[in-house]
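The values are calculated or read from the model by the stated rules, or taken from the named source; none is laboratory data. What you see is a predicted model, and the numbers here were worked out from it, not measured in a lab. Cβ placement follows ideal geometry from the backbone for every residue including glycine, while neighbour counts extend to all protein chains displayed.
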């Protein structure tokens, strides 16, 4: 999940662990993390590089597409394009821009 670090800092949703800062969107997620960081942290050495990482479109991405496709497009343009292509194939309209300030301004 993408989290605006400036908002997380302002809201006090930052946890430190093993020399790294972790930013959260809400208190419950931060509390879960601080209770058991090992449950959430994986080795960055085992993560695929961006060039070999497959596009994973899970239910969360689909909900993001429905609620704010312009923000999804900013963060993951390849996912937005894939979901638009799915809609095209099914002869369905693309999702509306969304609920954020950018979408509202347009």
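Observations on the structure shown:
The rows are residues; the columns are (1) under 15 Å from the mean Cα position of the chain (by Cα); (2) within 20 Å of residue 100 (Cβ to Cβ); (3) free of Cβ contacts under 8 Å to residues at least 24 places away in the same chain.
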site: 11; (1), (2), (3): no, yes, yes
site: 15; (1), (2), (3): no, no, yes
site: 18; (1), (2), (3): no, no, yes
site: 25; (1), (2), (3): yes, yes, no
site: 31; (1), (2), (3): no, no, yes
site: 39; (1), (2), (3): no, no, yes
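- Yes/no for residue 88 being more than 28 Å from residue 17 (Cα to Cα), more than 15 Å from the chain's Cα centre (by Cα) and modelled with pLDDT of 75 or more: yes
- Within the stretch 18-35, if we keep just the residues that are modelled with pLDDT under 90 and more than 19 Å from residue 2 (Cα to Cα), the residue that is surrounded by the fewest Cβ atoms within 10 Å (Cβ to Cβ) turns out to be 19.
- Residues located in the stretch 52-73, provided they are part of a helix (DSSP H, G or I) and either modelled with pLDDT under 80 or farther than 17 Å from residue 96 by Cα (or both): 59
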